[in-house]
């Protein structure tokens, strides 16, 4: 039996959800902007209390990551992600969420087979390809330095 292409295309169009692209872009912009603004306010606050720029930045990362972990534990960060999309997933807070979420989900399976095996389910590929691309770019930079290009 041959499938009618027009009927199939109509079916696909019917069941495919329509995403409000501009609304999603605006939400991501606002969410990412709020996270980055909070981070900048914390850096300014840390510096006002005598920390140098590098130390303030390190403490800022620690506080943002901790905040993301706590909000994920209380099931608040997933709601922020649902509303803000990539604006909540791209910053370091989104990476912390992607590590903590599987740990929370699989904790009932135990420390080793639950948390230990599943904790990097989402974040593992990011770490792997981040390290691989850093290595490749480092080799290119080194070769460019040896050849006198860089």
Self-check item: Length added when fully stretched, residue 8-residue 113, from 0.36 nm per residue minus Cα-Cα
Solution: 33.5 nm
Exercise. Report the extension gain between residue 19 and residue 52 in nm, rounded to one decimal, defined as 0.36 nm multiplied by the number of residues separating them, less their alpha carbon distance.
Key: 7.4 nm
Exercise. Can you run the Rg to Rh ratio on segment 5-118? Use alpha carbon positions and the Kirkwood inverse-distance Rh.
Key: 1.16
Quiz item: Tell me, what is the FRET efficiency for residue 136 and residue 76 to the nearest 0.05, using R0 = 35 angstrom and their Cβ-Cβ distance as r?
Solution: 0.40
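Rounded to the nearest 0.05, what FRET efficiency do residue 61 and residue 150 give with R0 = 30 Å and r taken as the Cβ-Cβ distance? Could you check?
Numbers: r = 29 Å, r/R0 = 0.97.
Working from the Cβ atoms, E equals 0.55.
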Quiz item: Do the sum for the chain: with -39,500 (n - 2.57) for every DSSP H run of n ≥ 4, divided by all residues, what is the mean residue ellipticity at 222 nm, to the nearest 500 deg cm²/dmol?
Solution: -24500 deg cm²/dmol
Quiz item: What is the helix-to-structure angle for 5-15, meaning the angle in degrees between its Cα long axis and the longest Cα principal axis of the chain, kept from 0 to 90 and rounded to the nearest 10?
Solution: 50
Self-check item: Choice from 71, 62, 137 with maximal GNM fluctuation in the chain (Cα, 10 Å cutoff)
Solution: 137
Quiz prompt | 0 to 90° range, to nearest 10: angle between helix 21-48 axis and the chain longest Cα axis | solution = 10
Self-check item: Span from the segment 69-86 Cα centroid across to the segment 1-50 one, whole angstrom
Solution: 14
Quiz prompt | Modelled label reach - residue 34, point 7 Å along Cα→Cβ, segment 88-107 residues with backbone N closer than 13 Å | solution = 88-89
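Values in this text are rule-based calculations from the coordinates and carry no lab data. Computed from a prediction, not measured in an experiment: that's the story for all the values here. Glycine also receives a Cβ, built like all others from the backbone with ideal geometry; neighbour counts cover every protein chain displayed.
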